[in-house]
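Here's the structure we're looking at; comments come further down.
The values are calculated or read from the model by the stated rules, or taken from the named source; none is laboratory data. Keep in mind it's a predicted model, so treat the numbers as computed, not measured. We place every Cβ from the backbone using ideal geometry, glycine too, and count neighbours over all the protein chains shown.
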Amino acid sequence: MMRPIHTGIITLAALVLSVFITACGGGGGGSLAGGGIGGTGVTSGTVSGFGSVFVNGIEFETDGASRDVDDEISTSNGFDDDTVLGIGMVVTITGTVNADGVTGTADSIVYDDDVEGPVAAIVEAPDMVTKTLTIFDFTVVVNRNTTVFENTAYGSLAANDLLEVSGYFGADGLYATRVEKQGVLDPGSSRVELKGTVSGFDGTDTFMLGTITVTFDGMTEFEDLPGTVTNGQFVEVEGTLETATSIAASRIELEDEGFGDDVDEISLEGIVTDFNDIGNFRVSGQRVNASSATFEPATLKTSIADDARVEVEGSIVNGILRATEVQQRAGDVQLSAVVLSTNNMAGTLRLQVVQGQPAITVTVNNKTQIEDKLPGGDEPLDLNGIVAGDFLNVEGFVDDSDKLIASQIERDEVGDIVLRGPIDKPPTGGSTASGTVSILGVSIATRSSTEFDGGDITTGTDFFLQINNGDLVEFTDYNEVGLPADGYADEVELED
């Protein structure tokens with residue numbers, strides 16, 4: 001089954017979400033290796049780079065690997081992965097990881113999008129950073145800063161766009177890591193894909209996936225099915241959208257459920273759901289016990305909760321992933337600013353946020369996803385291609401050694417200067433007329449023209465009365481010419 005559609009801001013019912021993500025394994029693809037095959041491990045996460053294929057910080061050599069990309073299978077050597085795979089796609093790789101932990105050899109690569117269909121509705125959040133899309137019975141959350149967009153852009157999304165979406169399921173639906181526009185809805189000819197649990201089968205040629213009617217005939221291709229379906233089966237349907245709520249199926253595939261009962265080694269990236277305690281939660285639908293794991297950063301052990309994006313490493317025993325390590329993969333820190341200098345040997349960038357204030361050092365590692373959003377930009381882009389004067393959007397987190405680790409970097413056209421992070425010392429106090437806060441060692445001044453937001457905050461006086469050391473604050477300086485901010489905030493928001 002799939003979640004029913006509700007009016008307003010649409011969310012997935014918790015029970016439906018649990019059933020769905022357990023069945024689909026978090027969007028990583030179809031056949032997942034299990035049973036501890038010869039010590040071969042499973043790596044499931046987003047593609048972060050090419051030159052081989054980078055997933056979860058591991059560079060996999062792919063010559064000779066089989067590839068199942070949207071059910072198109074190839075085994076040829078010399079395969080150009082970056083022509084059919086893309087940054088932000090959630091893939092599952094089976095293969096071996098070398099002793100260095102950062103290189104390996106892929107035996108197989110599987111990519112299967114989570115949904116492909118027309119946008120029925122769009123609701124933008126007040127912060128204008130996220131939008132909630134309705135595609136069939138799915139709630140899809142896209143983020144201006146962290147979702148990879150292909151053939152479209154955050155600001156260009158529109159009703160009736162045909163989108164292919166890959167991502168991770170969380171409490172509010174499918175958090176999109178990649179969105180690719182395939183065209184515009186044309187009833188009777190638009191190709192679509194969706195997954196769900198079969199219900200209401202009439203015994204002949206018609207069944208339901210949530211509120212969507214699916215019909216099949218003698219020309220429909222069945223995979224891992226005996227030419228028909230049964231209520232309760234979890235399937236993927238490809239076909240033609242005849243009406244807004246009906247699909248003529250050209251292909252129906254029985255989907256695998258999860259990663260299997262036993263996997264010797266697994267690295268799994270995804271969104272935390274069903275969190276009870278560190279010994280009992282899910283990541284991408286997989287039940288996890290991290291009671292004996294180390295956490296990076298160490299503060300994650302006490303702060304981990306639903307909707308946290310993490311990577312879990314360990315082994316699956318009797319269907320439970322017994323984690324040895326849990327790593328943070330996204331964070332609350334965001335900055336959009338101009339590159340002052342780079343150090344490729346050290347793997348660092350220095351960004352000048354405010355004139356006359358210390359530059360912020362950003363550390364890039366083998367798990368950082370780097371994307372070039374400039375027209376005609378470099379793909380793939382790595383640290384070597386970033387130069388002083390580039391304008392970057394960075395998202396990351398502070399590790400145990402107080403380094404700012406970038407989880408995602410976008411090179412983009414010049415935009416507003418943004419710095420979001422925890423206040424790192426008690427505020428000096430202030431009023432609507434003036435005041436100062438410090439974020440990551442950078443002092444931000446406010447003045448009478450500054451706009452304040454966050455809960456019941458409408459004035460500078462409200463803001464300075466309510467904030468405390470460690471609170472998450474976002475500072476924005478309007479910018480059109482690519483210069484560092486002048487140190488005076490145009491907007492200040494106290495984040496949840």
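When ILE278, ILE271 are checked against the criterion of being at pLDDT 95 or above, in contact with a Ser or Thr (Cβ under 6 Å, 6 or more places away or on another chain) and not assigned by TED's automatic domain parsing to the domain that holds LYS403, ILE278 stands alone in meeting it. Taken over the range 193-208, residues that are modelled with pLDDT of 95 or more, of a type in the set (A, V, I, L, M) and either under 28 Å from ASP306 (Cβ atoms) or crowded, with 22+ Cβ neighbours inside 10 Å (or both) amount to 0.
Checked against the criterion of being under 31 Å from the mean Cα position of the chain (by Cα), free of Cβ contacts under 8 Å to residues at least 12 places away in the same chain and not assigned by TED's automatic domain parsing to the domain that holds ASN56, the range 396-406 contains one or more residues that satisfy it. Selection of first residues in the range 288-308 that are on the phi > 0 side of the Ramachandran plot and of second residues that are modelled with pLDDT under 95 and assigned to a loop (DSSP other than H, G, I, E, B), restricted to Cβ pairs under 8 Å at least 6 apart or on distinct chains, gives the following pairs, ordered by first then second residue: ASP307/ALA171; ASP307/ASP172.
Identification of strands (runs of 3 or more DSSP E) wholly contained in the range 415-459 with 1 or more residues that are crowded, with 19+ Cβ neighbours inside 10 Å, more than 33 Å from the chain's Cα centre (by Cα) and of a type in the set (Val, Ile, Thr) yields 442-447. GLU238 - would you say it is assigned to a strand (DSSP E or B) and within 30 Å of ALA159 (Cβ to Cβ)? Criteria met by GLU238.
PRO226 meets each of the listed conditions (1) surrounded by 21 or more Cβ atoms within 10 Å (Cβ to Cβ); (2) free of Cβ contacts under 8 Å to residues at least 24 places away in the same chain apart from (1). Can you spot a residue in the range 375-398 that is surrounded by 15 or more Cβ atoms within 10 Å (Cβ to Cβ), within 28 Å of GLU296 (Cα to Cα) and charged (D, E, K, R)? Yes, the range 375-398 contains at least one residue that is surrounded by 15 or more Cβ atoms within 10 Å (Cβ to Cβ), within 28 Å of GLU296 (Cα to Cα) and charged (D, E, K, R). For LEU254, the stated conditions hold: it is aliphatic (A, V, I, L, M), within 27 Å of GLY319 (Cβ to Cβ) and surrounded by fewer than 20 Cβ atoms within 10 Å (Cβ to Cβ). Filtered by the rule that a residue be in a loop (DSSP other than H, G, I, E, B) and in contact (Cβ under 8 Å) with a residue 60 or more places away in the chain, the range 188-213 gives SER190, GLY210, THR211. For the range 98-124, residues that are of a type in the set (A, V, I, L, M) and either at pLDDT below 90 or not in a strand (DSSP E or B) (or both) total 2. Of the strands (runs of 3 or more DSSP E) lying entirely inside the range 316-356, those containing at least 3 residues that are under 19 Å from LYS301 (Cα atoms) are 320-328. Quick check on THR228: is it part of a loop (DSSP other than H, G, I, E, B) and of a type in the set (Ser, Thr, Tyr)? Taking the combined requirement at face value, the residue satisfies it.
Considering the range 320-332, and only residues there that are in contact with an Asp or Glu (Cβ under 7 Å, 6 or more places away or on another chain) and among the aliphatic types (A, V, I, L, M), the residue that is surrounded by the fewest Cβ atoms within 10 Å (Cβ to Cβ) turns out to be ALA330. Would the range 166-187 turn up any residue that is surrounded by fewer than 20 Cβ atoms within 10 Å (Cβ to Cβ), of a type in the set (Phe, Trp, Tyr) and in a strand (DSSP E or B)? There is no residue in the range 166-187 that is surrounded by fewer than 20 Cβ atoms within 10 Å (Cβ to Cβ), of a type in the set (Phe, Trp, Tyr) and in a strand (DSSP E or B). Can you find a residue that is assigned to a loop (DSSP other than H, G, I, E, B), of a type in the set (D, E, K, R) and either at positive phi or crowded, with 21+ Cβ neighbours inside 10 Å (or both) anywhere in the range 132-142? Scanning the range 132-142 turns up at least one residue that is assigned to a loop (DSSP other than H, G, I, E, B), of a type in the set (D, E, K, R) and either at positive phi or crowded, with 21+ Cβ neighbours inside 10 Å (or both). Candidates ILE87, ILE93: the one that is touching a residue at least 60 places away in the same chain (Cβ under 8 Å) and assigned by TED's automatic domain parsing to the domain that holds THR46 is ILE87.
Counting only residues that are over 13 Å from TYR154 (Cα atoms) and not β-branched (Val, Ile, Thr), which one in the range 125-140 is modelled with the lowest pLDDT? Result: ASP127. Does LEU465 qualify as being within 12 Å of VAL354 (Cβ to Cβ) and at pLDDT below 90? So LEU465 fails the test. Of all the criteria given as (1) buried (at least 23 other Cβ atoms within 10 Å of the Cβ); (2) within 20 Å of GLN408 (Cβ to Cβ); (3) charged (D, E, K, R), the one not satisfied by ARG282 is (2).
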